[in-house]
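Encoded as structure tokens, the structure appears first; notes follow it.
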Amino acid sequence: MQNYSIFNLARHAMGGHRGWKPAWREATPKSRYKVIIVGGGGHGLATAYYLAKVHGIRDVAVLEKGWIGGGNTARNTTIVRSNYLWDASAALYEKSLKLWEGLSQDINYNVMFSQRGVLNLGHNLQDMRDIRRRVNANQLNGVDGEVLDTAGVKRLVPFINTSPDIRYPVLGASWQPRAGIARHDAVAWGYARAADSLGVDIIENCEVTGIRREDGQVRAVETTRGVIEADRVGVVVSGHAGVLAEMAGFRLPIESHPLQALVSEPLKPILDTVVMSNAIHVYVSQSDKGELVIGAGVDSYNGYGQRGSFQTMEHFLSALIELYPIFSRLRMLRHWGGIVDTAPDASPIISNTPVEGLFFNVGWGTGGFKATPGSGWVFAHTLATGMPHEINAPFSLERFHSGALVDEHGAAAVAH
Amino acid sequence: MNTAPLRWHIDMLMITCPWCGPRDESEFTYGGEANIERPADPEALDDAAWADYLFMRSNPKGWHQEQWNHAHGCRRWFKAERHTVSYEIRRTWPMDEESS
């Protein structure tokens, strides 16, 4: 792998920048791999990278039906935080946040991780009680956080409407300073490049159409580029978890919903943090290009059409304008919908399945981006050892039988 | 699986309430997958069968039978068959009628 550094930049500048090589090889599928990862999003690529790096398993293929960075990795609002309520979730997302903090150095790719802090607003007394409880729980779990009052929010975001007579007044917020945003494409490209350099085959335009089993054991996957055998298969998809589960002959407690977001025209720097509101479903941050990145809750109905419903957009834009009257004349540039797989308890499923050798890492709902490194880390462990890592043990498929759900509707921050 | 033609909506869905006729989507609330029957004798089920009833969903990419409530209209529940890619709704019918 050619190292990205100031010296290499200077060296290639001499050659007019004609000497750069593609960041990863265009691999053709072999007939057999030790591990196949279905889904070349951030999570799948991170899984492949940690499999090769931490567990020394390099005979790995990542199958992507489209192209790297073309799915939900490129369709989210890039918020990274770990202020979840329950111990199980705090451990998972905090592991992820810790990996984020060293990620650019680790994979030699600038993912532009910017720890600019996240505010989660409270609009009534119960919101504030919940925020206090969650921040206390966070602090006990070693996750940074504090409770701010209205003045504290105003200090961080001077133009937010803190008038007491708006429909949902801002009474305060939880504040996690180590949270932030990252460049989503760079995360996919960086992990792809790093995994490729360790020998992982990244195979684009390769859609999985079937999962072959024998005696309850996974044998191979059927793809649009032929049948590929494998000892173990890890499914790391979003938006199509149910479709893949059906191929393997079982059902998942998952429903797929469109989640939409939009981006405004670029502005001068105005917002140097991330502000989310649970109750009125709008969250906003400003990208390095100056665009406001705005997101909201999921559409209520199941859907695979990658677009959002009109009244959901109207709802979160009216919330945006009430909280930030200064944005009322802002024009929007782009709008898109991604498909998120939501589980009944708003927590992911990182688990073995009824099929031996087949593992699923799905159901991240609206909050998968932040978990990309941590998800890959624990799923690599699961694929390498056949057993869950202690961090993902609570996120098994089994929990829907035992009733030990990890209810994170409160901290998921987006209506599921 | 994915047979219906793609039709791009730029506005909201138009849903035909069996009693009130075609109305905007914003008058309705969604009630999830249809035809999930509560087991007659829950005590007799094992945990897996109970979980199957409570949590497992078919979540198809294609035609989906689902429940809607005309919340800002007659407030009655009904069933609809909607395509989960094109969002086309091909029919709606009252809860107590057979689907075909």
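The values are calculated or read from the model by the stated rules, or taken from the named source; none is laboratory data. These figures come from a predicted structure and were not determined experimentally. Cβ atoms come from the backbone with ideal geometry, glycine included; neighbour counts cover every protein chain shown. The protein model used for the area step is the full one, side chains on, heavy atoms only, and it has no ligands, DNA or RNA in it. Shrake-Rupley method; radii C 1.70, N 1.55, O 1.52, S 1.80 Å.
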- Could you state how much accessible area A:HIS335 has, in square angstrom rounded to the nearest 10, with a 1.4 Å probe and all protein chains kept in place? 80 Å²
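Calculate, for A:LYS34 and B:TRP63, the FRET efficiency according to 1/(1 + (r/R0)^6) with r their C-beta to C-beta distance and R0 51 Å; round to the nearest 0.05. Mind dumping the intermediate values first?
Values: r = 39 Å, r/R0 = 0.76.
Here the calculated transfer efficiency is 0.85.
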- Note on the structure: Once Lys and Arg are counted +1 and Asp and Glu -1 for all other residues with Cβ under 15 Å from that of A:ARG133, the total becomes -3
- Query: A:TRP175: accessible area at probe 1.4 Å, nearest 10 Å²?
  - Reply: 40 Å²
- Task: Take the alpha-carbon positions of chain A, form their convex hull, and give its projected area averaged over all directions (one quarter of the hull surface) in nm².
- Result: 20.3 nm²
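Report the local net charge at B:CYS20: Lys and Arg +1, Asp and Glu -1, summed over other residues whose C-beta lies under 9 Å from its C-beta. Please list the in-between numbers first.
Values: positive: B:ARG23, B:ARG76; negative: B:GLU27.
That works out to +1.
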- Task: Report, in deg cm²/dmol and to the nearest 500, the calculated mean residue ellipticity at 222 nm for chain A, where each DSSP H run with n ≥ 4 adds -39500 (n - 2.57) and the sum is divided by the residue count.
- Result: -8500 deg cm²/dmol
- Across B:12-25, the residue-averaged tally of Cβ atoms belonging to other chains within 10 Å stands at 1
- Taking Rh as the Kirkwood radius, which is the inverse of the mean 1/r over Cα pairs, what is the Rg/Rh value for region A:8-64? 1.14
- Once the mean 1/r over all distinct Cα pairs of region A:1-147 is inverted, what Kirkwood radius in angstroms do you read off? 18.8 Å
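At a Förster radius of 51 Å, what calculated FRET efficiency corresponds to the Cβ-Cβ distance of A:ASN161 and B:ARG90, to the nearest 0.05?
Numbers: r = 45 Å, r/R0 = 0.87.
It comes out at approximately 0.70.
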- Query: Once both labels are modelled 7 Å past Cα along the beta-carbon direction, what's the A:ASN108-A:ILE270 spacing in nm?
  - Reply: 4.1 nm
- Indicate, rounded to the nearest 5 percent, the antiparallel portion of the DSSP beta bridges found entirely in the protein assembly as shown. 75 percent
- Task: Taking only Cα atoms and a 10 Å spring cutoff, compute GNM fluctuations for chain A and point out the largest among A:GLY368, A:GLY386, A:GLY39.
- Result: A:GLY386
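When only Cα pairs under 8 Å and 6 or more residues apart are kept, what is the percent relative contact order across region A:171-269?
Working: 70 pairs, mean separation 14.1, N = 99.
After rounding, I find 14 percent.
Only loop residues by DSSP count here, and only those with at most 14 other Cβ atoms within 10 Å; note down the trypsin sites (Lys or Arg not before Pro) in region B:19-100 that meet that. Can you show the working numbers first?
Values: sites: B:ARG23, B:ARG57, B:LYS61, B:ARG75, B:ARG76, B:LYS79, B:ARG82, B:ARG90, B:ARG91; in loops: B:LYS61, B:ARG75, B:ARG76.
Hits after loop and neighbour filter: B:ARG75.
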- Query: Which of A:ARG11, A:ARG225, A:ARG213 moves most in a GNM of chain A, Cα contacts under 10 Å?
  - Reply: A:ARG11
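Using only C-alpha atoms and all pairs of different ones, pull out the Kirkwood radius for region A:104-224 in Å with one decimal.
Numbers: mean 1/r = 0.0537 Å⁻¹.
About 18.6 Å, per the Kirkwood formula over Cα pairs.
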- Cross-link reach from A:LYS370 to aspartates and glutamates, straight Cα distance under 14 Å and at least 8 residues apart if same chain, gives A:GLU94, A:GLU101, A:ASP185
- If contacts are Cα pairs under 8 angstrom and at least 6 residues apart, what is the relative contact order of chain A in percent? 23 percent
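For a 18 Å ceiling on Cα separation, which of these pairs sit above it: A:LYS268/A:LYS289; A:LYS65/A:LYS289; A:LYS34/A:LYS95; A:LYS30/A:LYS65? List each step's numbers first, then the result.
Values: A:LYS268/A:LYS289 9 Å; A:LYS65/A:LYS289 30 Å; A:LYS34/A:LYS95 27 Å; A:LYS30/A:LYS65 16 Å.
Long pairs (Cα-Cα over 18 Å): A:LYS65/A:LYS289; A:LYS34/A:LYS95.
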- Kirkwood Rh, region A:222-344, all Cα pairs: how many Å? 16.7 Å
